[in-house]
Each structure stands twice: as structure tokens, then as C-alpha cells.
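Asker: For reference, the structure I am asking about is given below.
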Amino acid sequence: MQNDEQTRNLARVAALAVAPAALAAALVAHPFISGRLPNEAAIADAVVGGTTGWALVHLAAAVASALLAIAFLALRSYLREAGENRYSAVGVPFVVLGSTLFAVLPGMEFVPLAAAETGAATADVAAAQSEITGWFLAVLVVSTLSFVVGVLLFAYALIVTRVASDRFTLVVTVALVAMGTARFVPFSAVQFYVQGVAALVALWPLAYLMWTQPTPVRHARPVGSSA
């Protein structure tokens, strides 16, 4: 029984450690897109400049999004053991939906890739990207809204369960919110780099917490605080 619990906790730690690393790596490896997004001309230049790299980085982003959903399922398991069966439970479908739709976005970016692979001119690649922009933005907005709602619910679950110190919880909570809301900001520096760093800051400490504290321990509330 103890070995089973250790294996389960190791799997949770691995999920929370690998997912943000995969996401950060995929986002940092993404070609920098200048100007306000979506910038069809800049995207076309990036695709034509390296079709293989474009394909690999978007495949990696889709995989990372799936891993991120698994990471939150692992966090939900830990919070459930701490007695939290409300906010994180409601947050799971929002995070999973947001992550699933976010994984659709890299797939949509194969449209300009397909145009480039046919030998189309850069202007035609930009035109292909422009054709999917409306749908791309619609999926981005829905996925981001869903993910942010889920992240906020998980953040509140961490606050009410008090499985870590107040300072630890504050750092993780702020990073979770930053990771979700970064997707709203239409600039590469924020969507790629801020989101990637925020994911690491949010989930790596939680992985460490689970590693060092496999069984959740709820911290006592300060004297005089409300329950």
C-alpha cells in the first residue's frame, strides 16, 4: 500500500514538474512574432523561414497543453486528499476545456505551413493565415476564458486549504493568474515568455511541495482569523 502511495505521489510530482517545462520550452522555441498579434505578415515570414521548425514547435505546444491538463488533475488529486472537494473539483472541467481548445490553436497554425509547403509565395502564406484569423481568435478567447476560470478556482482552493504557507500560496496564486491571463495579451513577449515563466513559477513549487510533503498538511489559521 505504501509503495502504491509513493508511486502515485511520484506521478503527481512528475506531472507538475514536466508540464510547465514542456510549455515553457515550446513557447520560448516559438519564432518571435513582432508587432501586435495576430500579425499575418510576420507569421508568414516565420513559416517560410523554417517550415520544419514551425511544425515541431506547434506540435510541442499541443503536447504541452495536454500535459498541463494532466498537471492540474494531479493537483486536484492532492487537494482532494487535503479535504478540498469544491473549488478544485469545479475548476477541473474549465482547465481541461481550456487546455483542449488551446491545443487546437497549434493545429490551426498548420494552415500557413501547408501553404508554404506547396511553394506558395510569402504573400499567399500570409493570406492563408488571414483566412483562419477569425476562427483562431474565437478559439483563443473561449479557451483562455475557460482556462482562467479554472485557474482562479484552483488558486482559491489552494488558499482555503492552506496546504502551504501564506507566502508560498501568494506566489503560486499570482503566478497561476499570470499564466492564464497572459494569453489575453496580444504580444509575443507576454504570450510566449511571461506565460512560460509564470507556468514554471506556479507549478514547480507545487511539485516541490508534493515531493517534500506527500501527505497534505493544512496550516493553522492565524489566531483571530475567520474560518
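The values are calculated or read from the model by the stated rules, or taken from the named source; none is laboratory data. A quick note: this is a predicted structure, and the numbers were derived from the prediction, not measured. FYI the Cβ positions are ideal-geometry reconstructions off the backbone, even for glycines, and counts take in every protein chain you see. Keep in mind that these areas ignore ligands, DNA and RNA; they rest on the heavy atoms of the full protein, side chains included. Shrake-Rupley method; radii C 1.70, N 1.55, O 1.52, S 1.80 Å.
Asker: Please give, to one decimal in nm, the separation of the simple spin-label points placed at A25 and V174, each 7 Å out from Cα toward the Cβ.
Answerer: With each label placed 7 Å out from Cα toward Cβ, I get 2.9 nm.
Asker: Counting only C-alpha contacts under 8 Å and six or more residues apart, can you give the relative contact order of the stretch 72-227 as a whole percent?
Answerer: It rounds to 27 percent for the stretch 72-227.
Asker: Here's another thing I want to ask about it. Could you list which residues have their amide H under 5 Å from that of A164, counting only those 5 or more apart in sequence or on another chain, with H placed in the peptide plane?
Answerer: H219
Asker: Hey, rough spin-label estimate for D166 and T122, points 7 angstrom out along Cα→Cβ, what's it come to in nanometres?
Answerer: The modelled label-to-label distance comes out at 5.6 nm.
Asker: What FRET efficiency comes out for V185 versus R80 if R0 is 25 angstrom and r is the Cβ-Cβ distance? Round to the nearest 0.05.
Answerer: E between V185 and R80, to the nearest 0.05, is 0.15.
Asker: Let me ask something else. Given springs between every Cα pair under 10 Å in a Gaussian network model of the chain, which of A202, A11, A24 has the largest fluctuation?
Answerer: A11
Asker: Sticking with this structure for a sec: Once the other residues with Cβ under 11 Å from the Cβ of A126 are scored (Lys, Arg +1; Asp, Glu -1), what is the net sum?
Answerer: -4
Asker: Here is a further query. Give the peptides 25-36, 89-100 in descending order of average Cβ contacts within 10 Å, highest first.
Answerer: Listed from highest to lowest mean packing, they are 89-100, 25-36.
Asker: Which distance in nm do the two modelled labels at L73 and T51 give, with both placed 7 Å along the Cα-to-Cβ direction?
Answerer: 3.5
Asker: Continuing with the same structure: Using a probe of 1.4 angstrom, how much of the accessible area of the chain is carbon and sulfur, in percent? Can you show the working numbers first?
Answerer: Numbers: 7410 of 10740 Å².
Summing carbon and sulfur atoms, their accessible area is 69 percent of the total for the chain.
Asker: When Cα extents along the principal axes in Å is calculated directly from the model, which label among (1) 54, 38, 33; (2) 50, 43, 33; (3) 67, 39, 24 fits?
Answerer: Read-out from the structure maps to (3).
Asker: So, one more: Using alpha-carbon positions, what is the distance between the centroids of the stretch 84-141 and the stretch 195-214, in Å?
Answerer: Here the answer is 26 Å between Cα centres.
Asker: Let me see the P(r) profile for the stretch 95-227: every Cα-Cα distance counted, bins of 10 Å, each bin given as a percent of all pairs.
Answerer: Each 10 Å bin holds this share of Cα pairs: 11, 32, 27, 16, 9, 4, 1, 0.
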